[in-house]
Amino acid sequence: MSFDFQKIISQLLYNANDPLLFNSGFFFFYFLFVILVYQLLYKHKLARIFFFTLCSFYFFYKACGFYFLLIVLSAVVDFNLSNWIYKTLNPTKRKLLLVISVVINLGSLAYFKYTNFFIDIINDLQIGQIKPLYILLPIGISFYTFENLSYTIDVYRKQFKPVKSFLEYCFFLSFFPKLVMGPIVRASDFIPQIKKDIFVSEHDVSKGLFLIMAGLFKKVVVSDYIYINYVQYIFDTPEKYSGIECLFGVYGYALVIYCDFSGYSDMAIGMAQWMGFSIPANFNTPYQSTSITEFWRRWHISLSSWLRDYLYIPLGGNKKGKVRQYFNLFTTMLLGGLWHGASWNFVIWGALHGTALAIDKLRLTFFPNQKFMKFPFNFLGWLITFNLVCFCWIFFKAETLADSVVIIKQIFTNLHIDALGDLVNAYGKVFMVMGLAFGLHLLPNRLDEYVIGGFQKITIVGRALVLIFIIWLAIQSKTAEQVLPIYLQF
């Protein structure tokens, strides 16, 4: 039996058509290698940190090629700036160093993400005619940029003492489970864990297993299946479908984006758990929310809390009167929409959520949460919130503003609810998966701990068999067409 070394080497190199992702076959062997070597090194702090950092940089290289050098450069810049800020006593110099950090980080993000957006605006306004530039968006740049900014700002606020080891900072910034699509991890939550002795309990192993399996199930079995077999048809050519088909396409996309992103987050948190590191949860059953305010406490928690602490509160939060609070909410969500991407659809998506949050705060002023007849009020709140969020997803998903308008027009003027039976018959399996996913989502969170406790009671072989079954199920459900994670583009 001979080995094709050239093929092996090509597998180890970056391939733009096959980036390294959690649900790829190569990643399974890569993660197995990391875990096996980790067993030899976890008691040796320096070796452990060096190995993890090296593996993380390699993971990033396999995901986006030589753009991984950007994270190295950003680590050099913010590691030094944060230490200079910490050592500098002059308030003006400290503020200047912080401004330099903010300008470099946001400037880099703006160049890669918004250059062509601004060029299009200039061309549309006929201020000039500029040819768009060919710029590839580096994977994960939005996530590690926000981590860099929060680190430097926390040091400036004297809420966190910067690390003295550049290797530790690289480890924090590049830790591969959360590198590509988050969660956005604060230095104050993660860096203290680097210095502690690693201890992985039975509960950690079981919880990690549960999260990895749940994430894989959400991403491959639910999200990819619904998207490939129904949702993509609706959003690619919405004018071909009736309002009822478009409506269920929007509901389907609500599941697609949740299961895609939360599934990836679950896998990241689960893998970190196996390595002895705790990463905060990024989702908490958001479609159970009974208000838009509650939704943003449950959806993409690491981003919403970042926007709150580093944008909404510095703008004045709720400390400068009601009108200013509404303006701050609107501005925060508008910029949050722009964070997701450079298009008018994301601007509208952010503006809608900002407006909805302001209206919800105004509602609480005149109609505080009702204790009387709690269930009907909560159900009404859930119904309004879920449909509002789904309406906003139209702008988030549609390629153009014109496509968004078409979908909305079809739903409100061409519903044809009498076609629902034919729709269910045509896409029976898709609707079964959607129903299963919604049902699982509405289950109480405490059931997760029961499952995790059950994993603790079975042997290692039993756990391995359960994991192998989920992987097999994911392989059986996997489509021939690769479905890249949605938040990979952000």
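All told, N378 falls short of being under 30 Å from T115 (Cα atoms), within 30 Å of the chain's Cα centre (by Cα) and either at pLDDT below 95 or crowded, with 19+ Cβ neighbours inside 10 Å (or both). Looking across the stretch 128-178, the residues that are more than 19 Å from S305 (Cβ to Cβ), within 17 Å of the chain's Cα centre (by Cα) and either open to solvent by 10 Å² or more (accessible area, probe 1.4 Å) or among the aliphatic types (A, V, I, L, M) (or both) come down to L137, I139, I141. Here the helices (runs of 4 or more DSSP H) wholly within the stretch 351-456 that include at least 2 residues being aromatic (F, W, Y) and under 21 Å from N284 (Cβ atoms) are 374-397. For residues in the stretch 437-468 being in contact (Cβ under 8 Å) with a residue 24 or more places away in the chain and of a type in the set (F, W, Y), which is surrounded by the fewest Cβ atoms within 10 Å (Cβ to Cβ)? Restricting to residues being in contact (Cβ under 8 Å) with a residue 24 or more places away in the chain and of a type in the set (F, W, Y), the top hit is F438. Residues that are assigned to a helix (DSSP H, G or I), of a type in the set (K, R) and either more than 15 Å from L357 (Cα to Cα) or within 19 Å of the chain's Cα centre (by Cα) (or both) within the stretch 315-338 are absent altogether. For the stretch 291-314, a residue qualifies if it is open to solvent by less than 50 Å² (accessible area, probe 1.4 Å) and either assigned to a loop (DSSP other than H, G, I, E, B) or in contact with a strand residue (DSSP E or B) (Cβ under 8 Å, 6 or more places away or on another chain) (or both), and the qualifying residues are S291, W299, H300.
Of the residues making up the stretch 412-450, just one is within 23 Å of W299 (Cβ to Cβ) and of a type in the set (V, I, T), namely V433. Quick check, is F59 part of a helix (DSSP H, G or I), of a type in the set (F, W, Y) and either open to solvent by 100 Å² or more (accessible area, probe 1.4 Å) or at pLDDT below 80 (or both)? So F59 fails the test.
Residues that are open to solvent by less than 50 Å² (accessible area, probe 1.4 Å), of a type in the set (F, W, Y) and part of a helix (DSSP H, G or I) do not occur anywhere in the stretch 84-107. Screening P183 on (1) open to solvent by less than 10 Å² (accessible area, probe 1.4 Å); (2) in contact with a Pro (Cβ under 7 Å, 6 or more places away or on another chain); (3) more than 22 Å from N445 (Cα to Cα) shows it passes everything except condition (3).
For the stretch 218-226, the condition holds for at least one residue, the condition being that it is under 30 Å from F469 (Cβ atoms), surrounded by fewer than 24 Cβ atoms within 10 Å (Cβ to Cβ) and out of contact with any Cys (no Cβ under 6 Å at 6 or more places or on another chain). Considering only the stretch 392-423, how many residues are buried (at least 17 other Cβ atoms within 10 Å of the Cβ) and either aromatic (F, W, Y) or touching a Lys or Arg at 6+ places or on another chain (Cβ under 8 Å) (or both)? Here the count works out to 3. Residues of the stretch 32-45 that are in contact (Cβ under 8 Å) with a residue 60 or more places away in the chain and open to solvent by 20 Å² or more (accessible area, probe 1.4 Å): I35, Y42, K43, K45.
At least 3 residues being out of contact with any helix residue (DSSP H, G or I) (no Cβ under 7 Å at 6 or more places or on another chain) is the threshold, and among the helices (runs of 4 or more DSSP H) wholly inside the stretch 149-246 those reaching it are 187-194, 232-236.
You will find that of I191, I244, the residue that is open to solvent by less than 10 Å² (accessible area, probe 1.4 Å) and without any contact (Cβ under 8 Å) to a residue 40 or more places away in the chain is I191 and no other. Residue pairs whose Cβ atoms lie under 6 Å apart, separated by 6 or more positions or on different chains, with the first residue in the stretch 404-424 and more than 13 Å from E245 (Cβ to Cβ) and the second part of a loop (DSSP other than H, G, I, E, B) and at pLDDT 90 or above, are S404/A398.
The values are calculated or read from the model by the stated rules, or taken from the named source; none is laboratory data. Predicted model, so just to flag it, every value in this text is computed and none were measured. Ideal geometry is used to build each Cβ from the backbone, glycine not excepted, and the neighbour counts take in all protein chains shown. Side chains included, ligands, DNA and RNA excluded: accessible areas come from the protein's heavy atoms. Shrake-Rupley method; radii C 1.70, N 1.55, O 1.52, S 1.80 Å.
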